[in-house]
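**Q** Below is one structure. I have some questions about it.
The values are calculated or read from the model by the stated rules, or taken from the named source; none is laboratory data. Just so it is clear, the structure is predicted and the values come from calculations on it, not from any experiment. Quick reminder, even Gly has a Cβ in these numbers, built from the backbone with ideal geometry, and neighbours come from all protein chains shown.
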Amino acid sequence: MLTAIAMSEKSGVKVQTVLISEDETEIRELLVVLFKAEGFRVFSAGDGQAALDIVQEYGSAITLLVTDLGLPKLGGIELIHKALQINPGLKVIAASGFGHANVRAELLREGVAEFFPKPFSPVDLLVTARRLLDEGATPAGDQQG
């Protein structure tokens with residue numbers, strides 16, 4: 001039996017795969033539904049270690065990581081750092097209810113493409129994700145306006 005990745009590569013259509021790492025179940029489930037409805041292959045994890053395990057298993061097949069920063073077991077910033085070591089081409093969107101300028105600056109240095117302070121619009125996040133993947137965008141701090 002062919003996996004979704006193998007089938008999409010065989011047909012010439014690349015399915016974008018997103019990993020959603022969020023400890024708040026309602027937010028995680030909402031994002032999973034939204035991304036699946038847009039045709040993404042979706043993995044989800046409720047803590048940072050589970051997310052890292054998925055990155056280690058699937059590597060470069062994951063094209064986007066959407067992660068909360070305040071995760072149990074392994075924090076979001078550490079998850080981002082380790083995930084980018086495994087998959088340097090990974091696009092990352094981080095979110096936090098405790099966002100401020102220092103956190104945003106640190107995230108940009110870590111290779112995060114976008115930062116969403118909570119609460120955020122899931123639709124805005126989805127639009128941003130599509131833009132990052134479709135345009136191969138550089139980190140937010142490097143964009144020209």
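**Q** Kindly state which helices (runs of 4 or more DSSP H) lie completely within the stretch 12-122 and contain at least 2 residues that are exposed (fewer than 15 other Cβ atoms within 10 Å of the Cβ) and without any contact (Cβ under 8 Å) to a residue 12 or more places away in the chain.
**A** Result: 25-37, 48-58, 101-110.
**Q** Condition first: more than 14 Å from the chain's Cα centre (by Cα) and either on the phi > 0 side of the Ramachandran plot or modelled with pLDDT under 90 (or both). Now tell me which residues in the stretch 71-107 satisfy that.
**A** Lys73, Gly97, Phe98, Gly99, His100, Ala101, Asn102, Val103, Arg104, Ala105, Glu106
**Q** Consider the stretch 40-98. How many of its residues are under 18 Å from Thr128 (Cβ atoms) and either among the acidic types (Asp, Glu) or in contact with a Cys (Cβ under 8 Å, 6 or more places away or on another chain) (or both)?
**A** Of the residues in the stretch 40-98, 1 are under 18 Å from Thr128 (Cβ atoms) and either among the acidic types (Asp, Glu) or in contact with a Cys (Cβ under 8 Å, 6 or more places away or on another chain) (or both).
**Q** Residue by residue through the stretch 40-69, note down the ones that are in contact with a Gly (Cβ under 7 Å, 6 or more places away or on another chain) and within 24 Å of Phe120 (Cα to Cα). Steps first, please.
**A** Initial filter on the stretch 40-69 (in contact with a Gly (Cβ under 7 Å, 6 or more places away or on another chain)): 48, 60, 67-69.
Listed by number, the residues that qualify are Gly48, Thr67, Asp68, Leu69.
**Q** For the stretch 23-53, give me the residue count where each residue is under 14 Å from Leu64 (Cα atoms) and among the hydroxyl-bearing types (Ser, Thr, Tyr).
**A** Adding up the residues that qualify gives 1.
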